Each structure stands twice: as structure tokens, then as C-alpha cells.
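Please read the structure below before turning to the comments.
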Amino acid sequence: MLQNIENLENPSNSNDSNRVLKYHVETYGCQMNVYDSEIVSSMLEKSGYVKTEDIFSADAIFLNTCSVREKAEETVHNRLINFKGLKRRKPHLLLGVLGCMAQNLKDSILESKPYVDVILGPDSYRRLPEIIKSRERLEDHFVDTKLSKFEVYENMFPSRKEGVNAWISIMRGCDKFCTFCIVPFTRGRERSRSIQSILDEARNAVEQGFLEITLLGQNVNSFNSPEGKFPELLDQLARVEGVKRIRYTSPHPQDINDDLLQVMSSHDNICNYIHLPLQSGSDRILSRMNRTYTKKEFLELAEKIRFYMPDCSISTDIIVGFPGESDSDFQDTLDVMSIVKFNSSYKFKYSSRPGTKAAEFSDHIEEDIKQKRLDEVIELQKKITLDINSTYSNRVVKVLIEKNSKKSDSQWSGRTDGNTWVVFDKQNESIKDFVDVKISGTKGVTLFGEIV
Ligand code: 5AD
Ligand code: SF4
């Protein structure tokens, strides 16, 4: 929950040099940003800062930002406008914008929000300790948005809270240049960490009590290090003692091959789950998106995944209203959804991103058509998810308990290895236990049942 700055009465404005300095980080956007914020926290803590959730007692506030859709940018702009008053009343406060918007919009941020002190792109976080140290002397803005061909924050282990799942970033950047996407511009070229350092981080996470590892990357399966590619990494990770479950996100269909599926099907601790972003089902639109596969190839790939792993859950990303999308193009998307029967999907209205190729196209789609198509994909997905989840009735599934259910402290919430959330009454179990749950019903994307 974000704090409301307007209610601020008397912010502390102390420059007492003996006081422990506090920082606050807010994260917007994808899991990669959540991970990067953990890296930032780890660096700030090494510089002597202590984390606070209270913006009024913070000496430094960082917003780790997202540019993938216009709405994400608007949210951050509004949040920054809120901080203007706080900065006025507390001039020693250091206000920083990190991440994709910093990279993409530094000039417009500096122009419209001159009270922002620091702007750092996603490859510049190593500079934070130096900036913090020189903060008293910081007379002007500090801006570093150079993209690196090498920065992977190797051996910078994030400051992780206790939990079940540890996210591990294995590669950064993207070379695919889908025409709608800003990521290749904000995050730069693909580069991978060494397998060794990833295995070290995984062992470290297991020692801290984490059972599940989710590998992260903008294009996770184009991981490529001198020691091996993505299937080799998965194979070695699956052999690390104590790693009970492995997931990864987000892959590109182009880089899902037989070697990968072979490795996935041969290790019980690699989850039967693949996120397979479709974006569109129309060959014409896929080509304009530069997605490098056709409808037919995508369908064949989904079939191949199920050949190797018959129980594999598949989720997807769908964009509606890409420039030039006709009714019949949109129908192709609905078609693929009906054939593949994705377990779940993230659905987006196309959002024009200045600087991308698609933003230059002349045949943008009206907002009301985008909205109508979005409503339709939401409806279809609801029906497909309900159909799939209904087949679980009376079946027993293995669930890893992750937390209390949102609705009640007397119920647990956990995931199957197919990534479906299951809610059930507590007995004498604890978080991190694996339990067998007999499914009795389904609502939305969640299964309900009881421990057997
Ligand atoms: N408009 C709408 N959705 C987008 N995505 C990426 N760029 C855009 C955009 N310009 C979606 C894609 C991607 C997911 C992370 O975000 O579906 O897979
Ligand atoms: Fe964006 Fe495409 Fe790269 Fe994914 S693969 S980050 S959608 S350019």
C-alpha cells in the first residue's frame, strides 16, 4: 500500500550525522524489477542504509520503474508528482528514479520533475554506494543511463526476505526486437551470467531455506554462457541438493527446443509448467510484430511440449489491438487460445511505445475496439480456465504450501507444480510442507480442496 504524502504534517528533517540513514524502494513492473530492487537493497545495506517502509522517515527514496506500457509510466509520473511536496519539506531527502523509465525518459523527467536527484538506468546500480557517499556534495542531478554489454550483477546476491521461492536472474537484456516492445531499448543487449555463479546463488538460497527457484530473464531461454546454454543450466540446477522446484520466466517460443524439453521431462523437480507468450494468433500480425513464428509453428510447439510432458500447464501473453489487427486477425488469436487451451493468460491492450517500430505504423486501432477485443479474450480465457480446472474435481494434487490464504488465516494457499493456486483448510502443517490435496471445486483461477 502506498503512503499518502499529502497527509504529511511534520516530516523529520534531520541532518544529524550520527543518525542511521534509511532508504525506501518502491517497485513497479515485472519480476526482473523486483529482483533488481533486491540487488539495490543489498547494495544500500552494505553502504550502511537501513530499509524502511515509511516514506516519511526515509532519507532516500528510489522508484524502480517500468516502461512496458503507457499506464505503468503514468503511475510513476503521478507518484513523483506526489513526492514534490515531500522534497520541499525535507530538502535533504534523496529522490531517485531507477530502471526502464530512467533509461527511456531521463530528459523528460529532468525537465518536468527537476526535484528528482538521481536517475539510474538498469545497468548502473553499482554506482549507488558512491552516490550515497557523496550525497551531501551532490549539488546537481546525478544521471547514469549507460547500457552495458556486460553488466549481469554477477556475485551481487540480492537481499532476500525469507520465503519459499527465490528468484534468480540469469540473463539480462533482449535481442529479439519485437516491434511493440520497449525492452530491448531500455534493457539493452542480451548477456548471461556464468552457470557457476547461478549454481552458487541457488545453493545459497537453499541454505537460507528456499525450496523453489524461479529463473528470471527478459528472454530467459536464450541464456548462453561459455559453460553451456539454457538446457545445460537447467540440468545442472536440477541436481543441486535441496532444490525442490524449478520454474523459469519469460521464454521466447523460438528458443524452446528438444534439448530443453528433454531436460524438463527428465527431472521431477523441474515444474510441468511453461509460460509460452503467443502475443497474436495471426500470421500477418505475428510477422508485423517480428515474433519469428507462425500460427502453425506455435501450435506445433504447444503439441510438442505436451508430447514431452503430457501434464504440462501452459500460460501465455496476448496483445489485442496491435496496429492493423483486423477482425479476422483477432479471430486467429481466439482460435489459438481455443486449440491450445492455455491454463491462464496475461492479456494486454496494445500500448504504443515511442521509439519502437510499431509506434511508427499508421494503422493504429481505436481504443473502443481494443477494449472490446480485450473483453472477449478475458471471457474466453475464463471459460477455458474453468473447463480445465473442473477436470481436477476429486483428483489429488501435490501442493507446496506457500502462505496463508488471502481470505482466511485458517486456510493455506500453495501451488501445484503446474502453477495453479490451491486453497485448503489448515491442519497441522507448516509453510514449505508438500501436501496432497483432494480437489473439491474451482473459482476463478484457484482450486479448492482438502488435505488427504
Ligand atoms: N503493449 C502491450 N503489451 C505489451 N507487452 C510488451 N510490450 C507491450 C506493449 N507495447 C506485453 C507482451 C509481453 C508482456 C511482458 O508485456 O505481451 O509478453
Ligand atoms: Fe520484448 Fe519481445 Fe524481447 Fe520479450 S522477446 S522482451 S516481448 S522484445
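The values are calculated or read from the model by the stated rules, or taken from the named source; none is laboratory data. Everything numeric in this text was worked out from a predicted model, so none of it was measured. So basically every Cβ, Gly included, is an ideal-geometry build from the backbone, and we count neighbours across all protein chains shown. Please note that ligands, DNA and RNA were not included when accessible areas were found on the heavy atoms of the full protein model with its side chains. Shrake-Rupley method; radii C 1.70, N 1.55, O 1.52, S 1.80 Å.
To make sure I understand the rule: partners must be aspartates and glutamates, Cα under 15 Å from the Cα of LYS149, and not fewer than 8 residues away in the same chain. Which ones qualify?
Candidates past the 8-residue exclusion: ASP123, ASP175, GLU190.
Against the longest principal axis of the chain, how steep is helix 31-46, in degrees 0 to 90 to the nearest 10, with axes from Cα atoms?
40
Report the Cys residues of the chain lacking a disulfide-compatible partner, meaning no second Cys Cβ under 4.7 Å from their Cβ.
Flagged as lacking a Cys partner: CYS30, CYS66, CYS100, CYS174, CYS271, CYS312.
Taking all protein chains in place and a 1.4 Å probe, what share, in percent, of the accessible surface of the range 2-144 do carbon and sulfur account for?
47
Just need the relative contact order of the chain here, percent rounded to a whole number, with Cα pairs under 8 Å and 6+ apart.
Relative CO of the chain lands at 10 percent.
Could you sort 381-390, 56-65, 124-133 so that the peptide with the highest average Cβ count within 10 Å comes first and the rest follow in order?
Peptide ranking by packing, descending: 56-65, 124-133, 381-390.
Pick out, from ILE81, ASN272, GLY121, the residue whose Cα sits farthest towards the positive end of the charge dipole of the chain, with +1 on the Cβ of Lys and Arg and -1 on the Cβ of Asp and Glu.
Toward the positive end, the furthest listed residue is ILE81.
So what's the back-of-envelope 222 nm ellipticity for the chain, counting only DSSP H runs of four-plus at -39500 (n - 2.57) apiece and dividing by all residues, rounded to 500?
-10500 deg cm²/dmol
With all protein chains present, how much of the accessible area of the range 149-271 (probe radius 1.4 Å) comes from carbon and sulfur, to the nearest whole percent?
The C+S portion of the solvent-accessible surface of the range 149-271 is 46 percent.
How much of the accessible area of the range 396-451, in percent, comes from carbon and sulfur atoms when a 1.4 Å probe is used?
C and S fraction of accessible area: 45 percent.
With everything on Cα atoms, drop me the angle between helix 70-89 and the longest principal axis of the chain, reported from 0 to 90° to the nearest 10.
20
Using the alpha-carbon centroid of each, what span in Å lies between the range 396-435 and the range 123-176?
Cα centroid of the range 396-435 versus Cα centroid of the range 123-176: 34 Å apart.
Kirkwood Rh over alpha-carbon pairs of the range 334-392, then Stokes-Einstein at 25 °C and 0.890 mPa s: what D in µm² s⁻¹, rounded to an integer?
184
If I take the Cα coordinates of the chain and project them onto the principal axes, what are the three extents in Å, biggest first?
63, 60, 48
Could you order peptides 182-193, 73-84 by the average number of other Cβ atoms within 10 Å of their residues, highest first?
Result, highest mean first: 182-193, 73-84.
For the ranges 35-42, 254-261, 391-398, 409-416, what's the packing order if you count other beta-carbon atoms within 10 Å of each residue, average per peptide, and put the highest first?
35-42, 409-416, 254-261, 391-398
Indicate the gyration tensor shape class of the range 149-271 (rounded, prolate or oblate), computed on the Cα atoms with a ≥ b ≥ c the square roots of the eigenvalues: a/c under 1.5 is rounded; otherwise a/b larger than b/c is prolate and the rest oblate.
It is oblate, given that a/c is not under 1.5 and a/b is not larger than b/c.
Suppose the chain between ASP375 and ASN257 were pulled fully straight at 0.36 nm per residue; how much longer would it get relative to their current alpha carbon spacing?
39.2 nm
Over 31 Å between Cα atoms: which of LYS146/LYS295; LYS176/LYS296; LYS176/LYS438; LYS87/LYS133; LYS22/LYS349; LYS113/LYS372 fall into that group?
The answer is LYS146/LYS295; LYS176/LYS438; LYS22/LYS349; LYS113/LYS372.
What is the Cα centroid distance between the range 95-118 and the range 50-94, reported in whole angstrom?
Here the answer is 11 Å between Cα centres.
Just need the relative contact order of the range 133-291 here, percent rounded to a whole number, with Cα pairs under 8 Å and 6+ apart.
Dividing the mean separation by the residue count of the range 133-291 yields 21 percent.
Can you tell me the accessible area per residue over the range 149-271, all protein chains present, probe 1.4 angstrom, in square angstrom?
Normalised by residue count, the accessible surface of the range 149-271 is 38 Å².
Going by a ≥ b ≥ c, the root eigenvalues of the Cα gyration tensor, does the range 100-174 fall in the rounded group (a/c under 1.5), the prolate group (a/b larger than b/c) or the oblate group?
Judged from the Cα gyration tensor, the range 100-174 comes out prolate (a/c at least 1.5, a/b above b/c).
Just to confirm the number: angle between the C-alpha axis of helix 295-308 and the first principal axis of the chain, 0 to 90 degrees, nearest 10?
80
Restricting the count to DSSP beta bridges whose residues both fall in the chain, what percent are antiparallel, rounded to a multiple of 5?
Beta bridges within the chain, antiparallel portion: roughly 35 percent.
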